[in-house]
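Derivation of every value follows stated rules applied to the coordinates shown; laboratory data play no part. No experiment lies behind these values; they were computed from the predicted model shown. Note that we place each Cβ from the backbone using ideal geometry, even for glycine, and neighbour counts take in every protein chain shown.
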Amino acid sequence: MNLFRPKLPDTDPLLDATLPFEARVRRAAVDWALDGFGAPLGVYVIYGLKLCAYLGGFWFFCTNSLPAGASLELGSWAFTPRAFQKAIVWSALFEVLGLGCGSGPLTGRYLPPIGGLLYFLRPGTAKRPIFAGLPFFGHDRRTWSDVLLYVAFVVGLVRVLALPNPTRFDHGSLLVLWALISITDKTIGLAARSEHYATTVACFAMTDDWLAGAMCVQLALWFWAAAAKLNRHFPGVVGVMMSNNPLAPRALRRRMYRRFPDDLRPSRLAETMAHAGTALEFAVPCAFVYAHSPPTFAVAAGLMILLHAFITSSVPLGVPIEWNAMVMYGGFALFVAHPSVRPWEVPLPLGLLLLVPLVALPWLGNRYPDRVSFLPSMRYYAGNWAYSVWLFRGESFRKLHKNMTLPAPWVGDQIERLFDLRTAAALLAKLLAFRAMHLHGRALGILIPRATQSFEAMTYLDGEVIAGLTLGWNFGDGHLHDEALLGTIQRACAFEPGELRCIFVESQPLFERTLAYRIVDAASGPIESGKLAVAELQLRQPWAVEDASGSDRTPSIP
């Protein structure tokens, strides 16, 4: 068995790439349902080694900060408040270097396997300032001052890690650099997982009595992630995720769908698993809040391990493995190791500050998702994400490398360097299937015919890959590859009318029943915008196509 050879479909991927949307998606979706991304076993070994490196870095910074003669036994230091502080800062450093979420083959990175510092250290690469046009901070191309600010941020993280006993001032100084780098490039702020790590560092900086505040951050992560799954999207996520689970047998994968291979909507089993997962995610914070004795803390810890072990074993695209490890560690280091501290004992000034990132932003992000990224909204892996699709005519995508500073080759070229053209076509088709099989992705059969009448002549690419290629990081945030990035690319590449068409689909707002969309031509601007009913998308197959007259070409499903 070739440990590094992807599993390819039985059909010819090169021929499939010439088919109309309906036929192409149907073949790719059936293949995904059986084999997921088809990643070889060696890929999972690589991610396992990366997790070991992450844990090794935590051990290094913690043990090097211990007093002379202190015991190196794991239990004597691993769950102390100082070790938890090191874990938070180390996790932020690991992520902002590009080593954590959004790295490796499962996120479309092959050669090189990371983005991160390869982009953030290179002048001329594209970036996403929070305030476009703002002097010094508002450029859409990285300058030397941006690079130096990123270096200062990384040095600041390393400095705090190296200090045996960092003070509130040390953490506060780090937060200033964190805020500045996030303003100049929100990509870096998101990559550093600011909604978790920066908020927790703010607790360290505000007071020496920060344990209760850090507990509130941890509880909010679980609560809002569960709340985000109270919609019609999550059952589809479970099916797609289980099909990509390397431990799931094919028989179980088939049962994720109503009638494989003809009806790939979520089955009753997938819906039941989705509801059970949502209940479990709500149960974890509730269990820790109400735990008051060793047996109840053991129950809470057991529920937490069950939740995050399931997520991690499924190896979801985006591979937030280290982040899940950090959340599990936080559960033990905060709640189990300090049972006498209760979350509601947070000091009043810190509690008032935490209302913004832990209550106001997540609520705003759920109610008005077009205004807030899904990360500060804490809408993790719920399936209700903003996304985009980029359609290049022929090989016009080559203009990107000709006119922009891109440290990584075109993703198809990366795959060809490792394998061959057939494998590249197969893996890129998997990305189309992944998007179309989610509930929001079933809008593509309606929107692509409105964006172009010649899908076969277009090169399809998901916006996630475009963000990874041009910005150096991607993790499911459709706001990174929206009209603002399209404007940056168009100013550099000058696509002609019809050469690049983009479809932007927004998340479903809380209490509403529609998804908003926009179709935009890179050269001539907006083509169409509107809303689609989520209930109607539920009735569609991933490959169902609506023709120009508005009629669905796919027969209705009984």
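Pull out the extension gain between Glu483 and Thr11, defined as 0.36 nm times the separation in residues minus the alpha carbon to alpha carbon distance; nm, one decimal.
Stretched fully, the Glu483-Thr11 segment lengthens by 166.3 nm.
Given the -39500 (n - 2.57) contribution per DSSP H run of 4+ residues, what per-residue ellipticity at 222 nm results for the chain, rounded to the nearest 500 deg cm²/dmol?
After summing the helix terms and dividing by residue count, I get -15500 deg cm²/dmol.
Using the Kirkwood radius over C-alpha pairs as Rh, can you work out the diffusion coefficient of segment 15-112 via Stokes-Einstein at 25 °C, viscosity 0.890 mPa s, in µm² per second?
Rounded to a whole number, D works out at 145 µm²/s.
To the nearest 0.05, what FRET efficiency results for Thr143 and Glu512 with a Förster distance of 51 Å applied to their C-beta separation?
Given R0 = 51 Å and the Cβ-Cβ separation, E is 0.80.
If one computes the Cα centroid of segment 446-506 and of segment 64-130, what distance in Å separates the two points?
What the calculation gives is 30 Å, centre to centre.
At 4 °C and 1.567 mPa s, grab the translational diffusion coefficient of segment 240-305 from Stokes-Einstein with a Kirkwood Rh over Cα pairs, rounded to a whole number in µm² per second.
Estimated diffusion coefficient is 94 µm²/s.
For segment 468-533, just the Cα set please: Rg and Dmax, both in angstrom.
Every Cα atom of segment 468-533 included, Rg and Dmax give 13.3, 40 Å.
Packing-wise, with mean Cβ within 10 Å as the measure, how do 418-428, 251-261 rank, highest first?
Ranked by mean Cβ neighbours within 10 Å, highest first: 418-428, 251-261.
For every other residue with a beta carbon closer than 15 angstrom to the beta carbon of Gln85, add +1 if it is Lys or Arg and -1 if Asp or Glu, then tell me the sum.
My count for the surroundings of Gln85 gives +1.
In Å, what is the Rg of the alpha-carbon atoms in segment 42-209, and how long is Dmax?
17.0, 54
Quote the FRET efficiency, to the nearest 0.05, computed for Leu355 versus Leu539 with a Förster distance R0 of 51 Å and r equal to the Cβ-Cβ distance.
With a Förster radius of 51 Å, E is 0.80.
Be a star and scan segment 394-431 for residues whose amide nitrogen sits under 14 Å from the point 7 Å along the Cα-to-Cβ vector of Leu111.
408-421, 424
For segment 62-126, place one equal point scatterer on every Cα, skip the solvent, and apply the Debye formula. What is log10 of I(q)/I(0) at q = 0.17 Å⁻¹?
So the normalised log intensities work out to -0.72.
Given points 7 Å out from each Cα along the Cα-Cβ axis, report the Leu3 to Ala70 separation in nanometres with one decimal.
Each label point lies 7 Å from its Cα, and together they span 3.7 nm.
What is segment 42-209's relative contact order, in percent, from Cα pairs under 8 angstrom and six or more apart in sequence?
It comes to 24 percent, rounded to a whole number.
Express the relative contact order of the chain as a whole percentage, based on alpha carbon pairs under 8 Å and six or more residues apart in sequence.
Taking the mean separation of contacting Cα pairs over the length of the chain, I get 20 percent.
Using the alpha carbon gyration tensor of segment 271-390, what are the three equivalent-ellipsoid semi-axes (square root of 5 times each eigenvalue), largest first, in whole Å?
Taking √(5λ) for each Cα gyration eigenvalue gives 26, 21, 13 Å.
Whole number please: convex hull volume per residue of the Cα set in the chain, in Å³?
So the per-residue Cα hull volume is 149 Å³.
Mind checking the full-extension length gain between Tyr44 and Ile527? Use 0.36 nm per residue of separation minus the Cα-Cα distance, one decimal, nm.
Result: 169.7 nm gained on full extension.
Could I have the simple spin-label model distance between Asp263 and Gln453, label points 7 Å from Cα toward Cβ, reported in nm to one decimal?
3.6
Find the Cα radius of gyration of segment 288-344, compare it with 2.2 N^0.38 Å by division, and give the number to two decimals.
1.22
So what is the diffusion coefficient of segment 426-547 in µm² per second by Stokes-Einstein at 37 °C and 0.692 mPa s, using a Kirkwood Rh over Cα pairs?
My calculation gives 217 µm²/s for D.
Quick one: the Cα spread of segment 61-100 along its three principal axes, in angstroms, biggest first?
35, 16, 13
When all C-alpha to C-alpha distances in segment 151-306 are sorted into bins of 5 Å, what percent of pairs does each bin hold, rounded to whole numbers?
2, 8, 13, 13, 13, 12, 13, 12, 8, 5, 2, 1, 0
Please report, ordered by residue number, every helix of the chain (full DSSP H runs) that is 18 Å or longer along its axis going by C-alpha atoms and whose mean Kyte-Doolittle hydropathy reaches 0.0.
Flagged H segments are 41-63, 81-96, 144-162, 168-184, 211-227, 268-290, 294-314, 421-437.
So for the pair Tyr290, Ala132, with labels modelled 7 Å out along Cα→Cβ, what separation do we get in nm?
4.9
With 10 angstrom as the radius, rank Glu281, Glu73, Glu528 by how many other C-beta atoms surround their C-beta, starting from the fewest.
Glu73, Glu528, Glu281
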